[in-house]
Amino acid sequence: MIGSLHLWLIPLVPFAGFLVNGLIGRKLPKAFATAVALIATLIPFLHVVKIWFQFPSLTVPYVENLGTWIWTGSFHADFALQLDQLTMIMLLVVTGVGFLIHIYSVGYMAHEEGYWRFFAYLNLFMFFMLTLVLSENFLLMFVGWEGVGLASYLLIGFYFLRDSAAKAGIKAFVVNRIGDFGFLIALFLLIAHFGTLSYSGVFSQIAQHPELQGGVLTAIALFLLLGATGKSAQIPLYVWLPDAMEGPTPVSALIHAATMVTAGVYMVSRTHIIFDRSPFALSMVAIIGAATCFFAATIGIVQTDIKRVLAYSTVSQLGYMFLACGVAAYSSAIFHLVTHAFFKALLFLAAGSVIHSLGGEQDMRVMGGLRKKIPITFWTMTAAVFAICGFPPFAGFFSKDDILYRAFISGSLGKVLWFVGWVTAGLTSFYMFRLWYLTFLGESRAESHELAEHGAAVHARSDSKLVIETEHPHSVHESPWVMLGPLVVLAILATIGGFLGVPAAMGGHDEIGHFLDPVLGSGAHAPGGESTGLELGLSASAVLIGLVGLLVVHILYKVKPELPQKLATQFHALYALLLNKYWVDQIYGTLIVTPLLLISRYLLKGLIDRGVIDGAGFAAGATAQGFGAIVQRVQSGNIRSYAGWLALGAAVLLIVSYFGFTAHF
Amino acid sequence: MVPTSYYLILSAILFSIGVAAFLIKRNIITVFMSIELMLNAVNLTFVAFANHWHQVSGQIFVFFVMVVAAAEAAVGLAIIIAIFRTRNTLNVDEIDLMKL
């Protein structure tokens, strides 16, 4: 047995970095601010790696109690951190990918105003995210949950002078609040029913009562799911994530692709004991996941902004993870979470490198032909594209096939889920290769861009970088090595990351699955045997549809480049539907936001606030004033009138006492 | 032996005259004198009851009242002189502000 692991260091070192940069960063030299931010993420990463090597000799779950937080009546909550297999994996992903993205940001943000502010927020995010995954109770998890939402808001609105960025930040925050409301209700139900919020307390009580099925557990699970759909951008609360692309690209990579948005998946996996008792809630998870996965992918195929394509791709991939959770294949979900963190962070960082090299351009229609000009970005991006499309042996192949296989063998609903996932795999391949072809292959379309800008090109919504760099003539150039280094590391991980969980059917041992078994249960681990052929067949079909996607892209964007335009005009209604994202934002605006604003403006502000609350205040004031106006006449300053009142009072007292006033008392 | 009630009736009459004068008269000196009249009416009540109950405390109270009345007369007359010097009037109805 080893002594204390000092888990508290992991979240608090980034917090210290936040304090230093946030409080005095403005006055620090840039190099010093950079060093603070990088060291504040490097230390937790090294600490986590050290713990990883000690992990086999630990008794898990290892709990570190840092003191009592709330102790009132029978309710008790601690500042308690917990380490188990699930937390271990999340810690490695968050600190590892987080550190790489910090390094990348040094290059990407080098010329930005508020450099110190950016790193302060990034460290703050790390603190909350690590608190979220390390917490031992729902309450501390909620602190991290809210905190990452705050950091996300601050970073989306990093370019707060730009109106769209400020609005996107507010949108993300408000939509997340709806989900957090669900989370809170779930916490209240947990307290009411179990009297505690610690994982061990709740889960052991559930384990002791095998008769506890559905009912309140379904309610808790559904409210938790509402929270998860907010944070992880699932239907119906996914609308904030595409707009969140207003933030700087490293933020999109770290928060809105690799770590924060996977918090919902982590939460469902962490509380799977609750979900396992409620088949209804579980099937809701699966249906929401499958629907989101397909829905977002269809939007992704027509977007023209490189980051928006990736944003919808993230929503879609998160849908896969929810789908996996919904068929109780939690370890598959976590496996996909890990590989997704690698390849999606890489996709975003590579996209950032493209944007950087083009001086802030994000519209894919004016890119093209970048393969020769930025070869390293091109090759790393290629690895990521192959990984997300699920071509062997890249990371996405193993994790996505694992999910599809688990869905297929999970009953009759599973077949439908599998089919949706399978079609989405084709769509994924289509939109990713479309991005790849438009960005890197063919000839540069940058000249036609000049013409388009005189037209109705309103897509030049890009980082403020554009403004800075257009001042001097800009030629396409490869990014500096401080940005390319993380790309290369992530490309290696996106290529080989899948070997963490090669299924038995392909001669592997599914290491990650077995590693997670103690936390996530082994229910879904059917022994290989009879299903080997099926699993291989499903994998082959998934690769096949991926190839179909690639082939279609090749025809549309290479062989007959005029065809996409023709298709768009021919199927105009469908194209408009997808291009406008099914008008979901407009529908939400009309059905929810506008009525709420009207109610707020006229009923709450006009009637309740102005009428009732202000009215009561004014009425009280007017009453006091009027009464004062009457009684102030008494204080005339005339001595004889005072004497008269005095005499009158004395006379009244005399009369009252004479006629037996006291007798009544 | 004069009955105690005679003293009390006389005292009440004197006090009522004092109150009436206080309310009616406008000259501040007269008002001042009516206060003295009320004080002495009370003194009369004190000694009447002291005699009636054969207790000496009533007479002691009278001495207290006399001392206070003397002090009050000294301060009051000083104030009246000050007011007359600044306003050239002794009409209480015209002295209705708490400033000079």
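Being in contact (Cβ under 8 Å) with a residue 60 or more places away in the chain and among the hydroxyl-bearing types (Ser, Thr, Tyr) is the filter here; which residues of the stretch A:272-304 pass it? Within the stretch A:272-304, A:Ser278, A:Ser283, A:Thr298, A:Thr304 meet the criteria. B:Val68 fulfils the conditions (1) hydrophobic (A, V, I, L, M, F, W, C); (2) more than 14 Å from every other protein chain (Cβ to nearest Cβ); (3) in contact with a helix residue (DSSP H, G or I) (Cβ under 7 Å, 6 or more places away or on another chain) except for a single criterion, (3).
Against the numbered list (1) assigned to a helix (DSSP H, G or I); (2) within 12 Å of chain A (Cβ to nearest Cβ), B:Leu77 comes up short only at (2). For the stretch B:29-39, a tally of residues being more than 20 Å from A:Trp645 (Cβ to Cβ) and within 10 Å of chain A (Cβ to nearest Cβ) returns 0. A count restricted to the stretch A:364-377 and to residues that are in contact with a helix residue (DSSP H, G or I) (Cβ under 9 Å, 6 or more places away or on another chain), surrounded by fewer than 22 Cβ atoms within 10 Å (Cβ to Cβ) and at negative phi stands at 5. Residue check: B:Val42 meets all listed conditions (1) more than 14 Å from every other protein chain (Cβ to nearest Cβ); (2) farther than 17 Å from A:Ile639 by Cβ; (3) of a type outside the set (D, E, K, R); (4) surrounded by 10 or more Cβ atoms within 10 Å (Cβ to Cβ) but one, namely (1).
Selection of first residues in the stretch A:338-349 that are crowded, with 24+ Cβ neighbours inside 10 Å and of second residues that are hydroxyl-bearing (Ser, Thr, Tyr) and outside any helix (DSSP H, G or I), restricted to Cβ pairs under 9 Å at least 6 apart or on distinct chains, gives the following pairs, ordered by first then second residue: A:Ala341/A:Thr259; A:Ala345/A:Thr259.
Being over 24 Å from A:Tyr642 (Cα atoms) and in contact (Cβ under 8 Å) with a residue 24 or more places away in the chain is the requirement here; does B:Leu8 meet it? Criteria met by B:Leu8. Scan the stretch A:28-42 and give yes if some residue there is outside any helix (DSSP H, G or I), under 27 Å from the mean Cα position of the chain (by Cα) and crowded, with 17+ Cβ neighbours inside 10 Å, otherwise no. Scanning the stretch A:28-42, I find no residue that is outside any helix (DSSP H, G or I), under 27 Å from the mean Cα position of the chain (by Cα) and crowded, with 17+ Cβ neighbours inside 10 Å, so the answer is no. Would you pick out the residues in the stretch A:474-495 that are touching a Pro at 6+ places or on another chain (Cβ under 9 Å) and at pLDDT 90 or above? Of everything in the stretch A:474-495, just one residue is touching a Pro at 6+ places or on another chain (Cβ under 9 Å) and at pLDDT 90 or above, namely A:Thr495. One residue stands out in the stretch A:378-434 among those that are of a type in the set (Lys, Arg) and over 23 Å from the mean Cα position of the chain (by Cα): the one that is surrounded by the most Cβ atoms within 10 Å (Cβ to Cβ), namely A:Arg406. Taking A:Trp583, is it closer than 30 Å to A:Arg365 by Cβ and either surrounded by 11 or more Cβ atoms within 10 Å (Cβ to Cβ) or within 14 Å of chain B (Cβ to nearest Cβ) (or both)? So A:Trp583 fits the description; yes.
On the given criteria, is B:Ala20 of a type in the set (A, V, I, L, M, F, W, C) and more than 11 Å from chain A (Cβ to nearest Cβ)? Taking the combined requirement at face value, the residue does not satisfy it. Over 24 Å from A:Val519 (Cα atoms) and surrounded by fewer than 21 Cβ atoms within 10 Å (Cβ to Cβ): is that true of A:Ala219 in this structure? When the stated conditions are applied, A:Ala219 does not pass them.
Yes or no, residue by residue, for (1) in contact (Cβ under 8 Å) with a residue 12 or more places away in the chain; (2) within 14 Å of another protein chain (Cβ to nearest Cβ); (3) of a type in the set (Gly, Ala, Ser); (4) on the phi < 0 side of the Ramachandran plot:
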residue: A:Val559; (1), (2), (3), (4): no, no, no, yes
residue: A:Gln570; (1), (2), (3), (4): no, no, no, yes
residue: A:Ile592; (1), (2), (3), (4): no, no, no, yes
residue: A:Ile608; (1), (2), (3), (4): no, no, no, yes
residue: A:Ser657; (1), (2), (3), (4): no, no, yes, yes
residue: A:Gly660; (1), (2), (3), (4): no, no, yes, no
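It is to be established whether one or more residues within the stretch B:69-85 are exposed (fewer than 13 other Cβ atoms within 10 Å of the Cβ) and under 20 Å from B:Ser11 (Cβ atoms). No - not one qualifying residue is present in the stretch B:69-85. Residues of the stretch A:289-308 that are crowded, with 24+ Cβ neighbours inside 10 Å and aliphatic (A, V, I, L, M): A:Ala290, A:Ala296, A:Ala297, A:Ile299, A:Ile306. Considering each residue of the stretch A:153-188, count those that are outside any helix (DSSP H, G or I) and closer than 15 Å to A:Leu237 by Cβ, and give that number. So the count comes out to 0. From A:Ala80, A:Ala110, A:Ala33, A:Ala40, which residue is touching a strand residue (DSSP E or B) at 6+ places or on another chain (Cβ under 7 Å) and of a type in the set (A, V, I, L, M)? Residue meeting the stated conditions: A:Ala80. Only residues that are in contact with a Pro (Cβ under 7 Å, 6 or more places away or on another chain), buried (at least 22 other Cβ atoms within 10 Å of the Cβ) and outside any strand (DSSP E or B) were counted across the stretch A:67-102, and they come to 3. Suppose we filter A:Ile191, A:Ile255 for residues that are β-branched (Val, Ile, Thr) and farther than 18 Å from A:Leu124 by Cα; which single one remains? Exactly one residue qualifies, and that residue is A:Ile191.
Close Cβ contacts (under 7 Å, 6 or more residues apart or on different chains) running from residues in the stretch A:635-653 that are at the interface with chain B (Cβ under 9 Å from one of its Cβ atoms) to residues that are among the acidic types (Asp, Glu) and not in a loop (DSSP other than H, G, I, E, B) comprise A:Asn638/B:Asp93; A:Arg640/B:Asp93. For the stretch A:390-411, residues that are part of a helix (DSSP H, G or I), more than 21 Å from A:Pro486 (Cα to Cα) and not aliphatic (A, V, I, L, M) total 10.
Selection within the stretch A:335-368: residues that are within 12 Å of A:Leu435 (Cα to Cα) and part of a loop (DSSP other than H, G, I, E, B). The member of this set that is modelled with the lowest pLDDT is A:Gly368. Checked against (1) within 14 Å of chain A (Cβ to nearest Cβ); (2) in contact with a Phe, Trp or Tyr (Cβ under 7 Å, 6 or more places away or on another chain), B:Arg26 meets all criteria but (2).
Condition check ((1) over 12 Å from the mean Cα position of the chain (by Cα); (2) farther than 22 Å from A:Ser641 by Cα; (3) among the aromatic types (Phe, Trp, Tyr)) across all residues:
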site	(1), (2), (3)
B:Thr4	yes, yes, no
B:Ala12	yes, yes, no
B:Val19	no, no, no
B:Phe22	no, no, yes
B:Lys25	yes, no, no
B:Ala48	yes, yes, no
B:Gln59	yes, yes, no
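Quick one: in the stretch B:80-100, which of the residues that are assigned to a helix (DSSP H, G or I) and within 12 Å of B:Ile29 (Cβ to Cβ) is nearest to the other protein chains (Cβ to nearest Cβ)? Looking at the filtered set, the residue picked out is B:Val92.
A search for C-beta distances below 9 Å between a residue of the stretch A:323-335 that is over 16 Å from A:Phe398 (Cα atoms) and any residue that is of a type in the set (A, V, I, L, M) and in a loop (DSSP other than H, G, I, E, B), counting only pairs 6+ apart in sequence or on different chains, returns A:Val327/A:Ile409; A:Val327/A:Ala524; A:Ala328/A:Ala524.
The values are calculated or read from the model by the stated rules, or taken from the named source; none is laboratory data. None of the values given here were measured: they were computed from a predicted structure. Every residue, glycine as well, gets a Cβ built from its backbone with ideal geometry; the counts of neighbours run over all protein chains shown.
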